[in-house]
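A short reminder: the numbers here are calculations on the coordinates, not readings from a lab. From a predicted model like this one, the values you see are computed outputs, not experimental measurements. Here the Cβ positions follow ideal geometry from the backbone for every residue, glycine too, while neighbour counts run over all protein chains shown.
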Amino acid sequence: MMMSLFSMFDPSSIMFIQLNWITLFIVLIMYPMSYWTMNSRTINTFFVLNKHLHNEFTMLFNNKILIKGSTILSVTLFCFILINNMSSNFPYTFCCSAHLVFSMSMSIPIWMSIILFSWTTLTKTMFSHLVPNGTPTIIMPLMVMIETISNLIRPMALAVRLTANLIAGHLLMTLLGNSMNLSSSYWYLILIVQMSFMMFELMVATIQSYVFSVLMTLYSSEIN
């Protein structure tokens, strides 16, 4: 029995080693498929998905900084988060995306690389972004403070958005699962609701992966 609802997110430890985090490497299972003689339906689906994502991220990138291979990071980030989100919706699995350690480890390094590149190579442009055009002189210091804070909270906003959505969905699924009793007369209704909600969570997992990668791409495209 769980001591609390949030105990479902606790990784199990053996000899002080948290083995549940090994699920992060489940994405590596997909790589050997690309070396088969004939592509499977899964690989063909990923090829089509990557092509559409590449075309969309290409439109999001700023043409001044778009070079060959710029979308590789965004597409890889989407696929990595998607596979982890999808795998965590099944019973007896560990939800890596429901931990800030997972989401912050992706958002902060990428955001820091964008910021460092911007301020080291485009210093004047970054200073000009702190004060929008047409800002009255009297509120310029306030605008600088607001723009600075908005830039600093971007990685935290990305991480919290991804984590909070996954936590909320898994908590609701746990509540529905705990309320299910086969001896009751309405257990089949709870089962139908649980299955419907699981399908909804699969869509949420896809949407959150897309939102995370798109926002990272938009942050990169702001460099002009």
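P(r) tail for segment 74-142: Cα pairs beyond 16 Å make up 66% of the total. Rounded to the nearest 0.05, what FRET efficiency do ASN50 and MET156 have when you use their Cβ-Cβ distance and R0 = 22 Å? So, using R0 = 22 Å, E works out to roughly 0.15. Note on THR58/VAL131: beta-carbon distance plugged into 1/(1 + (r/R0)^6) with R0 of 35 Å gives a FRET efficiency of 0.70. Computed extension gain for LEU191 through PHE80, at 0.36 nm per residue and net of the alpha carbon distance, reaches 37.0 nm. Of the chymotrypsin sites (Phe, Trp or Tyr not before Pro) in segment 115-197, the ones in a loop by DSSP (not H, G, I, E or B) with at most 16 other beta carbons within 10 Å are TYR186.
Modelled this way, with points 7 Å down the Cα-to-C-beta line, the labels at LEU100 and TYR210 are 2.8 nm from one another.
Listed values for segment 212-220 are Karplus-derived 3J(HN,Hα) couplings in whole Hz (6.51 cos²θ - 1.76 cosθ + 1.60, θ = phi - 60°), namely 4, 5, 5, 5, 4, 5, 5, 4, 5, and x replaces Gly and Pro.
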